[in-house]
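**Q** Handing you this structure, nothing more for now.
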Amino acid sequence: MKKHIPNTITCCNLISGCIATYFAFSGNVQWALIWIIIGAVFDFFDGMTARLLGVSSPIGKELDSLADDITFGFAPSAIIFATLQTVSYPAAIDTPIVRTLLPYSAFIMAAFSAVRLAKFNLDTRQTTSFIGLPTPANALFWGSLVIATQHVIDSFSESMPLIVAGMLVSCYLLVCELPMFALKFKHWGWKDNEVKYCFVAASLVAILILGPLKAFAPIIACYVILSVIIAMFDNKKPQTDTSDDVHS
């Protein structure tokens, strides 16, 4: 019986993603994001449960990726799709055919999310950190961004190109080779965990000020910016030469 518990939790993640997608298509972004968050909770506990019970399996790994692409790929794409159907368009391209076809470009992000998840399954470098933006972070960002800026999106005529451009940037971040830190601690001391503790503290402040749903957008944006800064500093560090000295 216990070997089915992690996969059951994973299926709850998938079901949460389906419900989130329904609310997204219905234009109810707030409930779509809530169900994405619920899916993220299930996603956190399925792997943990499998390790605790010692019942990790190849089918669980594949099922997890499928569920993640629904909850963190398809659902946020549906949020963007629904938003592009109602948002203001620049007058130069505000034609019926553009309004009909352009929203479907949102599902490009679902495809990139699937590629991201496939790469993660095969990439042995991502045990303690990430390479590219994790799909849950991307999904939380888009749900939160649309909720926090809904009044601006509805009235600003340039919203459409900004949303499409932002979606394409997200697609790149999902599959790029940018190292991004993970909130995984080898120890609880301050040394080597400074960035993680500061990020967690700033995130809690943002949640208290903006509320849990609106806070995710700036939190994820700061996460990406911090990761870029850390990567830039790491690239500037002198590389230690580990080769043996050659003596004549």
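The values are calculated or read from the model by the stated rules, or taken from the named source; none is laboratory data. Because the structure is predicted, anything quoted here is derived from the model rather than measured. All Cβ positions, glycine included, derive from the backbone under ideal geometry; neighbour counts span all protein chains shown. For the accessible areas, the whole protein counts, side chains as well, though only heavy atoms, and no ligand, DNA or RNA atoms are used. Shrake-Rupley method; radii C 1.70, N 1.55, O 1.52, S 1.80 Å.
**Q** Hey, Trp31 hits all of (1) at pLDDT 95 or above; (2) touching an Asp or Glu at 6+ places or on another chain (Cβ under 9 Å) but one; which does it fall short on?
**A** It is condition (2) that Trp31 fails.
**Q** Go through region 100-115 and give me each residue that's within 18 Å of Val175 (Cβ to Cβ) and open to solvent by less than 10 Å² (accessible area, probe 1.4 Å). Step through it out loud before you land on a result.
**A** Going residue by residue through region 100-115, those that are within 18 Å of Val175 (Cβ to Cβ) are 105-115.
Correct list: Ala106, Met109, Ser113.
**Q** Within region 155-172, is there a residue that is touching a helix residue (DSSP H, G or I) at 6+ places or on another chain (Cβ under 6 Å), modelled with pLDDT under 90 and surrounded by 14 or more Cβ atoms within 10 Å (Cβ to Cβ)?
**A** Narrowing region 155-172 to residues touching a helix residue (DSSP H, G or I) at 6+ places or on another chain (Cβ under 6 Å): 159, 167, 170-171.
Among the residues that remain, those that are also modelled with pLDDT under 90 are: 159.
After this cut, where a residue has to be surrounded by 14 or more Cβ atoms within 10 Å (Cβ to Cβ) as well, the list is 159.
Yes - at least one qualifying residue is present in region 155-172.
**Q** Okay, moving on. Could we say that Ala137 is free of Cβ contacts under 8 Å to residues at least 40 places away in the same chain and either crowded, with 17+ Cβ neighbours inside 10 Å or under 17 Å from the mean Cα position of the chain (by Cα) (or both) here?
**A** Against the criterion (free of Cβ contacts under 8 Å to residues at least 40 places away in the same chain and either crowded, with 17+ Cβ neighbours inside 10 Å or under 17 Å from the mean Cα position of the chain (by Cα) (or both)), Ala137 does not qualify.
**Q** Additional query: Which condition number in (1) modelled with pLDDT under 95; (2) within 22 Å of Phe112 (Cα to Cα); (3) open to solvent by less than 40 Å² (accessible area, probe 1.4 Å); (4) not hydrophobic (A, V, I, L, M, F, W, C) is the one that Thr49 fails?
**A** The one condition Thr49 does not meet is (2).
**Q** Could I ask something else about it? Quick check: anything in region 83-99 surrounded by 23 or more Cβ atoms within 10 Å (Cβ to Cβ) and under 18 Å from Cys176 (Cα atoms)?
**A** no
**Q** With a cut-off of at least 1 residues that are under 15 Å from the mean Cα position of the chain (by Cα) and free of Cβ contacts under 8 Å to residues at least 24 places away in the same chain, name the helices (runs of 4 or more DSSP H) lying wholly within region 1-107.
**A** On the way: elements: 5-25, 29-53, 58-69, 75-86, 96-101.
Qualifying helices (runs of 4 or more DSSP H): 29-53.
**Q** Can you name the residue in region 4-33 that is of a type in the set (Val, Ile, Thr) and open to solvent by 40 Å² or more (accessible area, probe 1.4 Å) and is also farthest from Tyr104 (Cα to Cα) among such residues?
**A** Taking region 4-33 and keeping what is of a type in the set (Val, Ile, Thr), we get 5, 8-10, 15, 19, 21, 29.
Still in the running and open to solvent by 40 Å² or more (accessible area, probe 1.4 Å): 5, 8, 15, 19.
Values: Ile5: 36, Thr8: 32, Ile15: 23, Ile19: 20 Å.
This residue is Ile5.
**Q** Confirm whether Lys214 is modelled with pLDDT of 90 or more and open to solvent by 30 Å² or more (accessible area, probe 1.4 Å).
**A** Values: modelled with pLDDT of 90 or more: yes; open to solvent by 30 Å² or more (accessible area, probe 1.4 Å): yes.
Spelling it out, Lys214 is indeed modelled with pLDDT of 90 or more and open to solvent by 30 Å² or more (accessible area, probe 1.4 Å).
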